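Okay, so here's the structure we're looking at.
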Amino acid sequence: MGLRTWALCGLLAVFLVILLPNQTESVAVMSVDLGSEWIKIAIVKPGVPMEIVLNKESRRKTPCSVALKDNERLFGDSAIGMAAKNPKVTFRYFQDLLGKREENPQVESFRKRFPEYSVVKDEERGTVLFKLSEEQTYTPEELLAMMLNYSRSLAEEFAEQAIKDIVITVPAFFNQAERRAVLQAAKLAGLKVLQLINDNTAVALNYGVFRRKDINATAQNIMFYDMGSKSTTCTIVTYQTTKTKESGIQPQLQIRGVGFDRSLGGLEFDLRLRDHLAKLFNEQKKSKKDVRENPRAMAKLLKEANRVKTILSANNDHVAQIEGLMDDIDFKSKITRQELEELCADLFERVSSPVQKALSSAEMNMDEIEQVIIVGGSTRVPKVQELLLKAVGKEELGKNINADEAAAMGAVYQAAALSKAFKVKPFVVRDAAVFPIQVEFTREVEEENVKSLKHNKRILFQRLAPYPQRKVITFNRYTDDFEFNINYGDLSFLDAEDLKIFGSHNLTTVKLGGVGESFQKNAEYESKGIKAHFNMDESGILSLDRVEAVFETLVEEKPEPESTLTKLGNTISSLFGGGTSTTDKENATDTVQEEEEVPTEATKEDDQESTTQTSEQKDSDTKAEETKTEENKEGEKVDDKETKEKDEAAKEAESSKPTEEEPKMPPAPKKQKLVDEIGAAQTVNDIPDLAEEAVKKSMKKLQELTERDLEKHEREKAANSLEAFIFETQDKLEQSEFRKVSTGEQREEISSKLSQASTWLEDEGYSATTKELKDKLSELKKACKSLFFKVEERRKWPDKLAALDSLLNHSSIFLKSARMIPEDDPIFTEVELNTLEKLINDTWVWKNETLAEQEKLPSTEKPVLLSKDIDQKLAALDREIQYLLNKAKFSKPKPKPKPKSNTTKSENGEKNTTETGEKTTKESTEEPPSEPEPVKEPPEEEKVLELAGSEADSTTQKPPEENEKTEL
């Protein structure tokens, strides 16, 4: 190895450049499991796949509660603490009122359970409002928007970045109005909803994602029983693999059956126990007042009832006790688990009902269910598990899933799958619409010369129809403007109470305009009907995308005149048997064919209205029919040998006959389709959405509350910062390093200002504005600036000077190695080396002179050795070294001359080849070998890279692509 190689290795070893990967900026996504009592938040961000967000109290779930005091807004546990003091301003369980009219039975039930709230009618929409005063009213959507905004703030603090995309869980039994209300609340909160996912579907997805390897082509039926705070849902899910166009064979979950009870949950147990405790307190006759008329006392009893119920799940008895329940009277009473079960006997009888409803909707029995898994906090009640185990007839209940967090984790996996910032393993989700939806319309018919109106119904989505899915319904008998209604279908599977709570069965009235004009304009075309395109998206929201009038006509395609060259080519082809048969000509004709429509059973009547399903299932059915047709064609071919021989003989006989000119077949006519857009005016019949002006007003109101909270937070932060600075600085004045760089007079002056600020903060600080507090802090920092600067500089000197010494030493080694390179093959010029040498010497001189001058100054004076000056010297020296090192890395050595070879032939036919003084002898037996080419050695530079490359490559990372997705 040459001197140049050793020198270059030394340069690379002294200064090794480490390339750091460029961090591509990604956006985190979040999910919120929106329960009646609790919310659970989960996020996905780069490096943190699927994590539950901790709240400010470091808890994994947060109470769904909002408290609106005079100038204060509290959330979560802080709001729950306020509920015992002022229950009228602490709002809970308001999700029950989403998408409900004022006359809904659930609204009346809410008023009875929580009489402390003032629930009034919203005259504009027919819904309800929470009234705090004559000026202050809040809709359930606005309260939910506050909780969602608070959830985002917790997620952003946890993720340390802004978050806007979200997936929200909703109960499977939420209808269209309730789902739209959740979307409106998210809009008011400024969130982008990727999807509303049913909570039972999110649980099933979470279960399937972690058991992906167990899913195969064999269907597995799993039942999930979820009893939460307010409702109970039982779901039957089928897992199996399926083939997709994009990703091949992937696992899939399909919702097969759903049964629910909207009012069976842990809250009902709490309310029963609360009323029982209130009865016991009244029976003690310690007060002449009825405790049930005191909202504050009832709020305390409800909180205690929840605590006692939780403890009774693991114990046979417990003591309920509240200090100062009412009029400073304490309450204490023993409660047994048997008493609780007797109080809720009628509720326990309803435990098995969702199971039977789910089996009925799925048309299955328990023998087909492989496992029953319990979810939800209320399934921890022993009596619930006992009755459920009896209802399903299994040996045990599955508890291999997190009952509290499964829905949030499943929802955040879906959020990552829908986000463009992440790449996850596909998992096909086929959710099911719990309620059927149909289209209803009336048209005039004539029977026996008597005209009458006929009411028609067409099922758009059957019960438990999978979604997302698009549907098209065709009206063939209308030539003028008309209207139709979108309503819920047969809801007879619901109980009488559920039907009352369900609300309006009518969704939308659609009035079509411009139908008659379109028919007049396209009178020469054949009508293919009025087509209405519907879409049920991933959130289960039904929408009418567009309405079109479709017309069609046949257009004869004129054949182009053949050129002389084409005629000559056809003549030559016919001479050699290359003519085209009639069948080939027909197959070669281009045709435009309208998309095939598969009518439902309802469309087989004489009214000719039809419903078309445009989904992947339809495509697969069409492909199957085409395959079957091809098989039939192949089946018509005869494979018998004798028949083949006869056919060949017949062909020969025909070929011997004179060929007659076959008549040319006219080309098949082309179909031309014309689509005309039809105007559709929609009127919402269930719960009208918030008007655009109302949305802006609500967003402004919520923004003002948020700004007020931020202002309050900033003021508290400023006051805390001022108070902390005063105490910390007073303590620092007594420390040795601060006393060393200051005089007694300086410390006395600073101490006096700190004392004055402390007195002002105690006397006037409570009414001071944020600006006044910040100004006072700035004034104190300015007075202490010189003292802090001297201490800070002395703390930085050791590390800064050590870094400078290290760089100077390495630079000297670099310079020495560079001068060892031979003069006949230089890398650096003499000017470059002299410049580096001068910079090194100047830096040594500056350092020594500045240190000597600093030692002469007293410690109380402003230092002359400054850390910023050291940083400048470091930067200048490093910049020069990097320039020379980069030049060395890309320099190429001069090519060496090729060695001469001498070849001589001996008397016995042997060939002697000599290269660079060495002799090689080869024996030839058959043919004389060709002269070997001289071996080319790699350039010295490549050898250097081989030596240094292993170390360099180990610390060099390839930067990722800019738009590369993070894989979970």
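With the simple spin-label model, which puts each label point 7 Å out from Cα in the Cβ direction, the Glu830 to Arg60 separation comes to 7.5 nm.
Counting neighbouring beta carbons within 10 Å and listing from fewest to most, the residues Phe890, Phe534, Phe484 come out as Phe890, Phe534, Phe484. For region 217-231 versus region 410-440, the inter-centroid distance based on Cα atoms is 17 Å. A crude spin-label estimate for the pair Val845 and Ala162, with each label 7 Å from Cα along the Cβ direction, gives 5.3 nm.
Relative to one another, the C-alpha centroids of region 98-157 and region 528-549 are positioned 32 Å apart. Exceedance of the 28 Å cut-off in Cα-Cα distance is limited, within the set Lys471/Lys697; Lys245/Lys423; Lys289/Lys712; Lys121/Lys230; Lys61/Lys279; Lys243/Lys671, to Lys471/Lys697; Lys289/Lys712; Lys61/Lys279; Lys243/Lys671. Under the convention that each Lys and Arg Cβ holds +1 and each Asp and Glu Cβ holds -1, the size of the dipole of region 266-348 around its Cα centre is about 240 debye. Fewest-first ordering of Asp275, Asp261 by other beta carbons within 10 Å of each residue's beta carbon gives Asp275, Asp261. Once the Cα-Cα distance is subtracted from the 0.36 nm per residue extended length, the Arg819 to Val445 segment shows a gain of 124.0 nm. The fraction of all Cα pairs in region 290-413 landing in successive 10 Å bins from 0 to the largest distance is 11, 30, 30, 18, 9, 2, given as whole percents.
As a rough footprinting exposure proxy, the listed residues Val291, Val831 were ranked by other beta carbons within 10 Å of their own, and the order from fewest upward is Val831, Val291. Report the paramagnetic label zone for Phe890: residues of region 814-837 whose backbone N is under 15 Å from a point 7 Å from Cα along the Cα-to-Cβ axis. Only 828 pass the distance filter. Computed from point charges on the beta carbon alone (+1 for Lys and Arg, -1 for Asp and Glu), the dipole magnitude for region 788-889 about its Cα centre is near 460 Debye.
Rank Leu851, Thr829, Leu885 by how far each Cα sits towards the positive end of the charge dipole of region 788-889 (+1 on Lys, Arg Cβ; -1 on Asp, Glu Cβ) and give me just the farthest. So the residue furthest toward the plus end is Leu851. Divided by 2.2 N^0.38 Å, where N counts the residues, the Cα radius of gyration of region 788-889 comes to 1.30. Annotation: the antiparallel percentage among DSSP beta bridges lying fully within region 91-228 is about 45. Gain on full extension, evaluated as 0.36 nm per residue between Ala496 and Lys131 minus their Cα-Cα distance, stands at 128.3 nm.
Separation of region 465-504 and region 37-81, taken as the distance between their Cα centroids, equals 38 angstrom.
With a threshold of 31 Å on the Cα-Cα distance, the over-threshold entries among Lys753/Lys790; Lys100/Lys700; Lys40/Lys781; Lys88/Lys771 are Lys40/Lys781; Lys88/Lys771.
For the peptides 723-730, 425-432, 358-365, the ranking by mean Cβ contacts within 10 Å, running from highest to lowest, is 425-432, 358-365, 723-730.
No lab work stands behind these numbers, since they all come straight from the coordinates. Everything quoted here is computed from the prediction, not taken from an experiment. All Cβ positions, glycine included, derive from the backbone under ideal geometry; neighbour counts span all protein chains shown.
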